[in-house]
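The values are calculated or read from the model by the stated rules, or taken from the named source; none is laboratory data. No experiment lies behind these values; they were computed from the predicted model shown. FYI the Cβ positions are ideal-geometry reconstructions off the backbone, even for glycines, and counts take in every protein chain you see.
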Amino acid sequence: MIYFFTFISSIVLCYAGEKLERVRKYSSLSYFFYGFAVLLLVVLAGCRDYSIGTDIRIYGNLIFDGAKGYSNFSYYLRDYSLRAEPLYLLLNFIVSRLTDSAHWLYAAVGVIMYTGFFVGLYRFRDRISLTYGWTIFILLFYGISCNLMKQMLAMSMLFMGSIHALNNTYVRFLPYVILAALFHQTSIVFSAAIIGLRILIPKKHKRFYQFIVIMGAFFLVFGYSYLLQWIIGHGILAAKYSQYIYQYNFNIAFNPILQRAFPMVMFFVFSKMKYKDEEEIRVFLQSMMYLDLILIVMGNLGDFPLQRVSYYCSIYNLYTYSFFVKRINSEHNRRIVGALIVIALTGIWIYQYVYRGNAGIFPYTSEVLGIK
């Protein structure tokens, strides 16, 4: 299968680069391996047929084809501003100056998106395994990246700058928040929530912090729709985001819940190591993991778009899983837990995308690559 061949090749290249960098820090050859690890995913995304991925049919080709009819970006922005945010429109406009093929647009989207996530992981490499984080990214987000392109671009910007949020350097985090908002407006609200959670983490009185997180979770369950209506009503978000307003329908889908819950169970059972000076980072990552699960459950009880909102929290799982696995006592337990999580996520990936046909990415076809 082309997906797993590409995934495994990308992971092996990342591993080779990481091993080489441990021997020779900042080796140019290690960056070569990293670049090819990202490039493989870009090629797969860029060369896919226009039937692969639901958002291609909803807005992908439509917005790109529209860009080809304009010679002035300001007119294009005026006419398409209700369909997409400015930076995504600018990307379409620039690519349409160079080619008539939307394949190059999806490759450009992939370059920005996957590079952003890789850089975010690379900046955190002193606390996690870069290869393990990249593996988790592929299993959690590659299928989604072929669909929610605008939101994934915003998420990649936030993730690339997340090291500044974790280190409490919020002024340096701000440019990434702005870039994310110019790709997808929803990132504004969750950037504020992420910064708020990070600021609230105390060096003492952690039980009070946990109480705040629990009360915040209850607020999300019962007050989310009212807050979103207020934000839209005051023009902070566009009216099109009213689709995110929460409505109960009690339609449970266990696979995304299991995808989050299984690693959490593993950490509760095995993660016993003391964190010392990393305590604040641990509390933040744990909180984002819990919040992600809460939003996923809410999304299953209500409208599906709320699951899309949860992805802003999900991106921190790229740190969390590797962070906790790396801090499990005994190498034997670390290997077992790390392998079990990857096996579980691989099984869920197969169930979601191959068996259930979610997101419309399987079977993969590409006229460009000659895959039918």
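Of the residues examined, Trp134 is not one that is assigned to a helix (DSSP H, G or I) and over 30 Å from Lys326 (Cα atoms).
Of the residues Arg22, Arg57, the single one that is within 24 Å of the chain's Cα centre (by Cα), at pLDDT below 95 and assigned to a helix (DSSP H, G or I) is Arg57.
Each row is one residue, and each column tells you yes or no for (1) buried (at least 16 other Cβ atoms within 10 Å of the Cβ); (2) without any contact (Cβ under 8 Å) to a residue 24 or more places away in the chain.
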residue	(1), (2)
Gly53	yes, no
Arg57	no, yes
Ile63	yes, no
Arg83	no, no
Phe93	yes, no
Asp100	no, no
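Filtering segment 343-361 to residues that are of a type outside the set (Val, Ile, Thr), outside any loop (DSSP other than H, G, I, E, B) and without any contact (Cβ under 8 Å) to a residue 24 or more places away in the chain leaves Gly347, Tyr355.
Only residues that are within 14 Å of Phe183 (Cα to Cα), part of a helix (DSSP H, G or I) and of a type outside the set (A, V, I, L, M, F, W, C) were counted across segment 71-109, and they come to 4.
The residue pairs whose first member lies in segment 160-188 and is over 19 Å from Tyr114 (Cα atoms), whose second member is in a loop (DSSP other than H, G, I, E, B) and modelled with pLDDT under 90, and whose beta carbons are closer than 8 Å, counting only pairs six or more residues apart or on different chains, are Gln185/Leu237; Gln185/Ala238; Thr186/Leu237; Ile188/Ile236; Ile188/Leu237. Selection of segment 325-342 for residues being more than 17 Å from Phe141 (Cβ to Cβ), out of contact with any Lys or Arg (no Cβ under 8 Å at 6 or more places or on another chain) and assigned to a helix (DSSP H, G or I) yields Glu331, His332, Asn333, Arg335, Ile336, Val337, Gly338, Ala339, Leu340. Can we say Asp277 is modelled with pLDDT under 75, more than 27 Å from Gly338 (Cβ to Cβ) and either of a type in the set (Asp, Glu) or crowded, with 20+ Cβ neighbours inside 10 Å (or both)? No; evaluated as a whole, the condition is false for this residue. Among residues of segment 22-41 that are over 18 Å from Gly110 (Cα atoms), those with a Cβ under 7 angstrom from a residue that is of a type in the set (A, V, I, L, M), sequence gap 6+ or separate chain, pair up as Ser27/Leu20; Leu29/Leu20; Ser30/Leu20.
Between Asp100, Asp65, Asp126, the distinction of being within 22 Å of Ser314 (Cα to Cα) and charged (D, E, K, R) belongs to Asp126 only.
Taken over segment 1-32, the residue count meeting the criterion of being surrounded by fewer than 14 Cβ atoms within 10 Å (Cβ to Cβ) and either among the polar types (S, T, N, Q) or touching a Phe, Trp or Tyr at 6+ places or on another chain (Cβ under 6 Å) (or both) is 1.
With Tyr321, Tyr241, Tyr246 as the choices, which residue is of a type in the set (Phe, Trp, Tyr), modelled with pLDDT under 75 and assigned to a helix (DSSP H, G or I)? None of the other options fit; the residue is Tyr241. Evaluating Met155 against the criteria (1) farther than 14 Å from Val309 by Cα; (2) in a helix (DSSP H, G or I) leaves one unmet condition, (1). Checked against the criteria, Leu41 counts as buried (at least 20 other Cβ atoms within 10 Å of the Cβ) and at pLDDT 95 or above.
Assess whether Gly116 counts as being in contact (Cβ under 8 Å) with a residue 40 or more places away in the chain and either touching a Lys or Arg at 6+ places or on another chain (Cβ under 7 Å) or under 19 Å from Ala359 (Cβ atoms) (or both). So Gly116 fails the test.
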